[in-house]
1. List the residues, sorted by chain then number, that are 5 or more residues from THR677 or on another chain and whose placed amide H is less than 5 Å from its amide H.
2. So what's the angle, to the nearest 10 degrees on a 0 to 90 scale, between helix 268-279 and the longest Cα principal axis of the chain?
3. Using the Kirkwood radius over C-alpha pairs as Rh, can you work out the diffusion coefficient of the stretch 498-576 via Stokes-Einstein at 20 °C, viscosity 1.002 mPa s, in µm² per second?
4. Rank GLY626, ASN193, LEU58 by how far each Cα sits towards the positive end of the charge dipole of the chain (+1 on Lys, Arg Cβ; -1 on Asp, Glu Cβ) and give me just the farthest.
5. Quick check: Cα centre of the stretch 49-117 to Cα centre of the stretch 648-710, how many Å?
6. Taking the radius of gyration and the Kirkwood hydrodynamic radius from Cα positions alone, what is the Rg/Rh ratio for the stretch 300-413, to two decimal places?
7. Largest first and to the nearest Å, give the Cα extent of the stretch 530-726 along each principal axis.
8. Using Cα pairs under 8 angstrom and six or more residues apart, how large is the relative contact order of the chain, in percent?
Amino acid sequence: MGKTKNPPPENGPSTSQTLPAVAVDSSLFINRELSWLEFNERVLEEARDLSNPLLDRLKFLAICSSNMDEFFEVRVAGLQAQLYESLEPQDPPPDGMGPLAQLLEISKRAHDFVARLYDVWLHEVRPELEQHGIRICTPEELTESQVAFLDDYFQVQVYPVLTPLAIDPAHPFPHVHNKSLNLLLRIESIHQNGRLLYAVLQVPSVISRLVPLPDEEGGGKKFVLLEDVIGPRLDSLFGGYRTVERVAFRATRNSDLSIQENEVKSSLLSTIEETLRQRKWGAPVRLEISERADTDFLAQLLAASALELEERDVYKVPGPVDLTVLGGLYKLEGFRDLREPPFEPKMPPAFTGRKSVFRAIRDQDFLVHHPYESFGTVVQLIEQASEDPNVLAIKMTLYRTADSNPIITALARAAENGKQVTALVELQARLDEENNIDKARMLQKAGVHVVYGIVGLKTHCKAALVVRREHDGIRRYVHLGTGNYNHTTARLYTDLSYFTCRPEIGEDASALFNLLTGYSQGHAWKRLVIAPMNLADRLTALIRREADHALAGLPARIVAKMNSLVDPRIITSLYEASQAGVKIDLIVRGICCLRPGVPGASENITVRSIVDKFLEHSRIAYFANGDEPEVFLSSADWMPRNFRRRVELMFPIEAPALRSRVIDEILAIALADNVKTRELQADGTYRRLKPKPDAPAVRCQVEFQKLAIEHASSIPMTPVAVPESEIG
């Protein structure tokens with residue numbers, strides 16, 4: 001193995017043979033939005049899987065609900081804007097479905113999905129929780145002492161926060177905040193012959209929605225939902241009236257935030273802040289409401305002065321509105337036998353006990369597999385850089401941060417120590433904008449040079465550069481990753497970190513930051529491949545090169561792992577390579593618009609999706625390239641937005657041992673998974689794989705945990721055998 005002798009030109013290779021003509025029409029593309037709904041089906045399947053511990057099944061239910069929230073806030077909102085405001089889509093769907101056709105099919109599938117989601121909660125997961133002493137009680141199920149406890153809790157903790165809002169000619173229907181839980185009330189006058197009125201009450205988000213009850217039976221955990229604490233005690237809010245009926249409801253609004261260059265008047269920061277304020281007033285896209293709601297309740301909500309929604313946008317539910325509340329139960333103390341065994345990420349031996357992480361990286365390149373191997377390796381690099389007197393400068397991109405992030409703290413400390421520190425904070429990281437603004441201001445106060453990237457492009461690449469003075473001159477240490485600099489998600493997402501001080505990568509990293517912070521252009525990139533400049537072209541060229549090799553009778557193979565595959569040009573190139581004889585295995589966790597196994601187009605392509613305890617997040621591409629294999633890691637999925645509207649990064653893994661680890665360990669074991677893998681069929685549905693009678697069960701995330709223990713302890717621990725034929 002080694003560096004390829006003839007890398008493809010950025011605009012594609014010259015071919016000595018003609019690639020087969022592939023008639024690519026709309027029928028060869030799966031609709032993006034419907035593919036996403038199929039992904040959430042796989043998450044729901046994990047909630048129903050009895051081999052998963054009970055609280056993990058509960059967690060998957062909450063994830064399903066959270067996923068649907070974001071889907072409506074962004075994807076459905078975008079389709080509604082196209083339909084009602086005649087907005088042109090940024091990326092017209094190659095499958096040919098227009099916005100109305102998509103909305104109708106989404107509504108049909110989403111209603112069916114929500115019904116099954118609640119069925120799993122009500123008839124599968126909830127009864128099992130109750131058998132283990134975990135119960136969400138209704139007001140009718142409470143004892144006298146529990147009612148007395150809640151009476152006191154309501155008066156002391158809840159009542160002072162509540163604000164009833166009347167609905168009448170003098171009080172128009174109040175604005176309902178995005179995803180806030182509310183009660184719509186029908187109240188009756190005690191003194192005016194039963195006159196009926198309506199009012200709205202927002203359930204306060206500043207109080208936990210899961211209200212714990214005192215333990216009366218010496219075991220278990222019982223809760224009442226906050227809306228069920230408030231509901232029976234509403235009359236105290238309306239003197240002279242009594243509450244006749246109440247229903248819980250929740251509106252989802254358009255939360256997509258897209259800033260165009262001509263919209264930035266003074267600064268990007270102030271423009272983002274103003275857009276965030278406007279988000280609270282985004283157009284409604286979905287209404288969730290208790291199934292008890294009658295036609296009068298719905299009329300109040302769907303009136304022009306309220307939410308202006310079509311009936312297809314209304315989701316009546318037979319249980320608690322917004323099942324993300326169930327995530328709170330997953331975090332209960334105790335009940336360890338109801339969860340997956342915890343796994344503590346391992347520190348690679350090369351980083352253990354080393355006084356200087358710089359010496360370790362100078363000795364050799366490193367690849368760290370998160371969350372099996374510790375994100376502390378990345379934190380260690382930045383923390384040591386912040387204190388090392390020989391470090392002159394630190395530069396980082398920050399896409400999604402986290403509260404109490406040690407990297408943010410280390411960057412601030414480095415600036416206070418007099419180092420040149422630059423942080424590119426992406427203010428448009430979807431749904432993390434406010435948190436990133438707070439972190440940006442904190443860094444600025446500490447003396448960090450904070451920039452916000454390039455207007456019109458999201459900076460999504462993950463890169464850190466440390467410039468250090470050493471005895472033989474200035475040396476650049478570089479970290480590149482597939483995931484965010486977020487120590488919280490680094491324990492939940494699978495990602496790869498690459499550490500190196502190779503001069504050619506250091507030069508490219510410096511050029512990248514000069515591009516992001518200034519006006520530098522024209523750099524001759526040696527190793528890094530950058531979007532929106534040439535990433536799509538380079539990937540297309542690499543795919544076409546494999547097709548050339550196949551036609552020439554040379555080894556040709558593509559294995560790629562990513563979150564989403566949407567880009568029509570890349571998909572077309574994969575179809576062409578398949579017809580040239582290239583064996584292509586794709587591991588795509590979420591959206592996949594390619595149809596595998598279609599005669600005449602994609603017989604040589606398989607698509608797998610792995611849904612398990614950790615969120616599969618790493619992006620990897622392997623090209624056999626005859627007998628000169630190449631491996632790339634990337635921050636980018638293969639989507640039009642990543643190629644054209646984001647600053648993304650793809651980089652090669654050139655050290656033979658690390659390249660072999662990616663090919664023979666990480667990709668091979670992922671392809672061998674037959675426990676948590678689903679395989680995409682040509683009709684757009686997925687089939688779950690099962691171990692063959694004579695084959696071992698392989699759950700790749702468990703195998704990676706074993707390998708992390710083996711690497712950390714140097715104690716031989718062989719994972720489940722993977723046939724050599726799986727890859728390479």
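Each reported figure results from applying straightforward, stated rules to the coordinates on display, with no laboratory input. Please read these numbers as outputs of a predicted model, since none were measured by experiment. Heads up, the Cβs are rebuilt from the backbone with ideal geometry, glycines too, and the neighbour counts pull from every protein chain shown.
1. Sorted by chain and number, the residues that satisfy this are LEU689.
2. 40 degrees
3. Details: Rh = 14.9 Å.
D = 143 µm²/s.
4. Farthest towards the positive pole: GLY626.
5. Between the Cα centre of the stretch 49-117 and that of the stretch 648-710, the gap is 27 Å.
6. On the way: Rg = 23.6 Å, Rh = 19.4 Å.
Across the stretch 300-413, the Cα-based Rg/Rh ratio is 1.22.
7. Answer, in whole Å and largest first: 44, 37, 36 Å.
8. Values: 1344 pairs, mean separation 100.8, N = 728.
With pairs under 8 Å counted, the relative contact order is 14 percent.
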